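Take this structure first; my questions come after.
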Amino acid sequence: MLRYPVTLERDTNGTVRVEFPDVPEANTFGEDADEALMQAVDALESALSMYIEDRRDIPKPSPVKPRGKAVILPALTEAKLALYTTMRANRVGKAELARA
């Protein structure tokens, strides 16, 4: 299970801002912490899809600090990331994978 740590901060307009130390491209907000964390899953998935489009390595999540917050990726997203990472490590493209 991939758990990416997040930081939550109250923004100047009263919303709660979410940032990912391991994935700086992923950030979002919500009216409160619960809503912000719900939005954070989409923000993280979107940012990681940009890594794939740009053919970049997927950053590994750092450990979650005690009493820290984290976002857990859905199982399907985690499976896609594992496939992408394995294909990248073995230098296998989509066409070669399809032929296999």
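Coordinate-derived values only; no laboratory data. Quick caveat, the model's predicted, so the values are computed rather than measured. Neighbour counts run over all protein chains shown; Cβ positions are idealised from the backbone, glycine included.
For the chain, which trypsin sites (Lys or Arg not before Pro) are in a loop by DSSP, counting at most 10 other Cβ atoms within 10 Å? Before the final figure, lay out each step's value.
Working: sites: 3, 10, 17, 55, 56, 67, 69, 80, 88, 91, 94, 99; in loops: 55, 56, 67, 91.
For trypsin sites (Lys or Arg not before Pro) across the chain that sit outside H, G, I, E and B with at most 10 neighbouring Cβ atoms in 10 Å, the list reads 55, 67, 91.
Starting from the eigenvalues of the Cα gyration tensor, five times each then square-rooted, give me the equivalent ellipsoid semi-axes of region 1-50, largest first, whole Å.
Details: eigenvalues 67, 21, 18 Å².
Semi-axis lengths for region 1-50 are 18, 10, 10 Å.
Sticking with this one: Choose one of 79, 68, 18: the residue whose Cα lies farthest towards the positive end of the charge dipole of the chain (beta-carbon charges +1 Lys, Arg; -1 Asp, Glu; about the Cα centre).
The residue sitting farthest along the positive end of the dipole is 79.
I need to check one value: relative contact order of the chain, counting alpha carbon pairs closer than 8 Å and at least 6 residues apart, in percent. Numbers along the way, then the final one.
Details: 132 pairs, mean separation 28.9, N = 100.
Relative contact order for the chain comes out at 29 percent.
Counting every Cα pair in the chain, what percent are over 19 Å apart?
Working: 2278 of 4950 pairs.
When all Cα pairs of the chain are counted, 46 percent exceed 19 Å.
Multiply the residue separation of residue 100 and residue 85 by 0.36 nm, subtract the distance between their alpha-carbon atoms, and state the gained length in nm to one decimal.
Answer, rounded to one decimal: 3.7 nm.
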